[in-house]
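S.K.: Encoded as structure tokens, here's the structure I'll be asking about.
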Amino acid sequence: MDRLDAMRAFAAVADLGSFAEAARRLRLSPAAVTRAVARLEDELGLLLLHRTTRAVRLTERGAVYRDACRKILADIEDADRVAQGEDAAPRGALVVAAPLMFGRLHVLPVVLTMLQEHRDLSVRLMLSDRMVHLAEDGIDVAVRIGDLADSALRAIRVGEVRRVLVASPDYLAARGTPAAPADLAAHDLIAFEGTDATSEWRFGGADRPGIRVEPRLAVTTADAAIAAAEAGLGITRTLSYQVHASLAAGRLAVLLEGFGPPALPVTLVHPARRLGSANVAAFIAAARAHLRALPVIAGG
């Protein structure tokens with residue numbers, strides 16, 4: 001195994017946290033991957049990975065070397081693409097990140113279609129409601145909901161979603177329907193901590209004061225907040241796409257529509273240096289077409 005193959009093996013182990021998983025991704029034996037990483041450590045004179053019976057972790061220097069390997073391997077992929085022409089087919093590994101529920105509902109179908117159409121492509125789809133850092137986490141392209149803070153990323157807007165307050169018809173029949181944000185103080189509230197960690201729900205523009213909320217229930221996933229609202233526990237705040245099916249089925253109703261804050265943009269972002277990647281370009285084209293066609297993502 002040459003130096004570049006050894007770097008690919010090390011990067012895969014670092015990404016997956018497992019020699020066995022890296023071997024499966026690379027279609028090599030676990031012993032070959034283990035030897036490749038050990039040879040790299042010997043040549044560098046550094047310990048790149050801490051190994052235990054339960055986990056594999058990067059050392060501090062290993063993390064630095066992993067980032068360098070990723071850049072080198074990405075540049076080689078881009079050079080191959082240029083040599084093969086702009087119509088080069090996607091191949092190799094692609095790492096995509098998306099919010100948990102949005103990714104499951106609307107990004108996974110894109111990934112499945114790409115895998116069916118491109119046999120030489122493999123995808124790692126990272127679904128999480130935490131804000132990921134593309135460079136640090138080795139992510140090629142991500143779906144973001146909300147305003148972007150990192151100007152170093154290339155962004156393609158594909159639509160927008162709204163924050164909405166919802167409750168079940170049974171809850172509203174028993175407790176009444178709030179007519180203004182201040183009325184929420186008299187209601188049972190359900191907070192999804194992925195978006196409501198500030199303990200304030202804002203209405204209108206950013207310059208408008210928020211309403212301090214004291215939730216009766218706080219959960220860490222949108223699915224749980226929606227299920228609790230459907231069960232009649234109280235009012236929750238979600239993103240419009242998350243409750244599309246519940247609203248259509250009549251299990252939930254939207255409240256205070258005239259007080260909603262500005263819509264949140266949905267964007268595809270990627271590092272500028274990945275602009276020429278055939279994998280990234282193919283994903284962006286497929287995702288843009290798929291997402292802009294969805295009725296739950298308006299304004300694309």
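Every number here is computed from the coordinates shown, using simple stated rules; none is lab data. All values derive from a computational prediction rather than experimental measurement. Because the Cβ atoms are built from the backbone with ideal geometry, glycine has one as well, and the counts that use them run over all protein chains shown.
S.K.: Positive end of the charge dipole of the chain (Lys, Arg +1 and Asp, Glu -1 on Cβ, about the Cα centre): tell me which of ALA182, PHE102, GLY138 has its Cα farthest that way.
M.R.: GLY138
S.K.: Between ARG157 and SER199, what is the spin-label point distance in nm, taking each point 7 Å from the Cα along the Cα→C-beta axis?
M.R.: 3.5
S.K.: Dipole of the chain, Cα-centred, from +1 at each Lys and Arg C-beta and -1 at each Asp and Glu C-beta, to the nearest 20 debye? Could you put the intermediate results ahead of the total?
M.R.: On the way: 36 positive and 35 negative charges, 74 e Å.
Dipole about the Cα centre, nearest 20: 360 debye.
S.K.: Based on other C-beta atoms within 10 Å, arrange HIS133, HIS118 from fewest to most.
M.R.: HIS133, HIS118
S.K.: So, one more: I want the antiparallel fraction of DSSP beta bridges within the chain, as a percent rounded to 5.
M.R.: Approximately 65 percent, going by the DSSP bridge assignments.
S.K.: Pulled fully out, how much extra length does the chain show between GLU21 and ALA149, if you take 0.36 nm times their separation in residues and subtract their Cα-Cα distance? Don't skip to the end; give the middle numbers.
M.R.: On the way: separation 128, 0.36 × 128 = 46.08 nm, distance 3.38 nm.
Length gained between GLU21 and ALA149: 42.7 nm.
S.K.: Report, in debye and to the nearest 20, how large the dipole of segment 163-259 comes out about its Cα centre when Lys and Arg carry +1 and Asp and Glu carry -1 on their Cβ.
M.R.: On the way: 8 positive and 11 negative charges, 22 e Å.
Dipole about the Cα centre, nearest 20: 100 debye.
S.K.: With a Förster radius of 51 Å, plug the Cβ-Cβ distance of SER29 and GLU214 into 1/(1 + (r/R0)^6) and report the FRET value to the nearest 0.05. Numbers along the way, then the final one.
M.R.: On the way: r = 57 Å, r/R0 = 1.11.
Efficiency, from the Cβ-Cβ distance: 0.35.
S.K.: Further question on the same structure: Filter the chain for me: DSSP H helices, axial length by Cα at least 27 angstrom, mean Kyte-Doolittle hydropathy not below -0.5. List them by residue number. Please report the intermediate quantities before stating the final value.
M.R.: Details: long enough: 60-84 (37 Å, -0.62).
Qualifying helices, which must be both long enough and hydrophobic enough, do not occur.
S.K.: Quick one: MET7, MET126, MET131, fewest Cβ neighbours within 10 Å first, how do they rank?
M.R.: Listed from fewest to most nearby Cβ atoms, that is MET131, MET126, MET7.
S.K.: Among ASP188, ASP5, rank each residue by its count of other Cβ atoms within 10 Å, from fewest to most, as a rough exposure measure.
M.R.: On the way: ASP188 18, ASP5 14.
Starting with the residue having the fewest Cβ neighbours, the order is ASP5, ASP188.
S.K.: For the chain, what does the helix formula give at 222 nm: sum of -39500 (n - 2.57) over DSSP H segments with n ≥ 4, over the residue count, nearest 500 deg cm²/dmol?
M.R.: That calculation yields -11500 deg cm²/dmol at 222 nm.
S.K.: Here are labelled values, (1) 5, 22, 29, 21, 11, 6, 3, 1, 0, 0, 0; (2) 6, 27, 36, 22, 9, 1; (3) 6, 24, 27, 20, 15, 8, 1, 0, and one is the computed P(r) over Cα pairs in 10 Å bins from 0, in percent for what I pasted. Which one?
M.R.: Matching the structure shown: (3).
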